[in-house]
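Heads up: the structure comes next, in structure tokens.
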Amino acid sequence: MRSMTNSGRTANTASDAGAPIAAPRRSPRSAAAAGHPRNSDFVQSLDRGLAVIRAFGPDRERLSLSEVARATGLTRAATRRFLLTLVKLGYVRNDGREFSLRPRVLELGYAYLSGLGMPEVAAPHLEELVAHVRESSSISVLDGHHIVYVARVSTKRIMTVSISVGTRFPAYATSMGRVLLAGMSDNDLDSYLAEADLAPITDRTVTDPARLKETVGDVRRHGYAIVDQELEEGLRAIAVPIHGAGGAVTAAINVSAHASRVSMAAMRADLLPQLQETARRIEADLRSQGLG
């Protein structure tokens, strides 16, 4: 089994899906509102405009002006100006009472994804894996204290959760997040544990920094991570690293399943070997195209 590389901080960052997931609600307040130091190069209006966009999410698709103001910490007057500007630019729509994002917001992330290269390379491998295991699979990278989905293939089931590219979850409570944390240097991991908001998401979520550090150490030694119902009750997920140039962990790939369908033993015996083989094939394709 391939051991994980204890490299420097991973490239910017997906977790675990397959059952309905309730991400912890956190206010998308602007950096300025969060107390970030001001300097002459910091454009506060841009920061606030982006905070307004981030106020919307999977469970907040339609918001009133008051709800956006409350989520961002801005005044109603400022919120109204930002929303109407975004409406005029084509990023937000307004039906007279509520606001919602328009497809044009996808342009903001497309440049990053198109430069990443990995989603296109990984897509056929994810599809093949999902066809074999009949469970959903995703790839994510680390972005601050969260993981961000950059590729995903869902299983064809009657009941599926709507998770897509760009979805974010806290790294500490996800299998892919722990794989990415295990790829950090010791100093970076210590900084993460000191700064991250390790809030409980379910009764099983590991939130003690010392215990979480020990768990990440186990992931480093064994080369994979399993999270059992820490992000969502009834959801299990297993993840392995995707290595880039020099052996650094640049992304993570997972398979998630409902606990009633797949036991912990089955995840290790049946899913892990196929997941590892898929990661190796993605790494080989990335190298062959000069992306890894």
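Bear in mind that the values in this text are calculations on the coordinates, not laboratory data. Please read all numbers here as calculations on a predicted model, not as lab measurements. Cβ sites come from the backbone with ideal geometry, for glycine too, and all protein chains shown count toward neighbours.
Take Arg54, project a point 7 Å from its Cα along the Cβ direction, then tell me which residues of region 162-206 have their backbone nitrogen under 16 Å from it.
The answer is 166-171, 196-197.
At 7 Å along Cα-to-Cβ for each site, give me the label-to-label distance between Ala210 and Thr155 in nm.
It works out to 3.8 nm between the two label points.
At Asp203 and Ala123, where each label point lies 7 Å from the Cα along Cα→Cβ, what is the point-to-point distance in nanometres?
4.3 nm
With label points built 7 Å along Cα→Cβ from the Cα atoms of Asp190 and Arg81, find their separation and express it in nm.
Those two pseudo-labels are separated by 4.5 nm.
Only loop residues by DSSP count here, and only those with at most 15 other Cβ atoms within 10 Å; note down the trypsin sites (Lys or Arg not before Pro) in region 72-110 that meet that.
Arg97
Pull out a ≥ b ≥ c, the square roots of the eigenvalues of the alpha-carbon gyration tensor of region 207-268, then state rounded if a/c is under 1.5, prolate if not and a/b is larger than b/c, and oblate in the remaining case.
oblate
Mind giving me the FRET efficiency for Ser66 and Arg102? R0 is 25 Å, r the Cβ-Cβ distance, nearest 0.05 is fine.
That gives a FRET efficiency of 0.75.
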